[in-house]
Amino acid sequence: MLIIDASLKQSYSFYAGFDGTTGLQASGAYIFRPSGTYPIGSQKQITRVYKNKEHAEVEFTVGLIPIGDGVGKEIATKISTTIKSNQTFYTDSNGRDFIERIRDYRADWDLEVNQPIAGNYYPINLGIYLKDEKSELSVLVDRSVGGSSIVDGELELMLHRRLLYDDGKGVAKAINEAVCVGNDCRGLAISISFYY
């Protein structure tokens, strides 16, 4: 019998996408440049815990990201634990292996931290995890996302983005996908599943 004695807390927030007005790069298709983070509630979430299984499935819907306030938004979920991860977490290497990541550190060069959030985000194709001597939290994803551990004991995954400015890196338009019915245009909603 598997006994799990751990707790976690999941929350949602959005990063306001930087607009590029001060001469710095705008947040866009290829650039993640947040200018503040703000908590939000979830629209819909279903958590399934299966008998005799070692994982839980979390399915949620994110979308119709409002932009009427003139602010692009990058929606993330944070999963907080009591794991003492010591600035270390692991991300998959294109689904093949896991690579150790240390926040604000690069083994190959002396990192100058200018973007403490964006500079610690990595592509996640399969999963991300953190651990200590007693516990481990792994999250498997159903699609490619960005992920990090900005705070010890916490995993963060980027879920959805709706931005108002082009980052000038080749797409030549903002990530502002919408569904329009007549003149009423709303951002796309997506359904995502994670496995803990």
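Bear in mind that the values in this text are calculations on the coordinates, not laboratory data. Because the structure is a prediction, the values reported are computed rather than measured. Note that we place each Cβ from the backbone using ideal geometry, even for glycine, and neighbour counts take in every protein chain shown.
List of remarks:
- Between the labelled values (1) 36; (2) 29; (3) 59, the entry that holds percent of Cα pairs over 28 Å apart as derived from this structure is (2).
- Across the stretch 44-154, the relative contact order, built from alpha-carbon pairs under 8 Å that are at least six residues apart, equals 25 percent.
- Long-range lysine pairs (8 or more apart or interchain), the stretch 9-182, Cα under 18 Å: 9
- Ranked list, fewest to most other Cβ atoms within 10 Å of each Cβ, for K131, K51: K51, K131
- FRET efficiency for the pair D69 and E112, taken as 1/(1 + (r/R0)^6) with r the Cβ-Cβ distance and R0 = 25 Å, rounds to 0.15.
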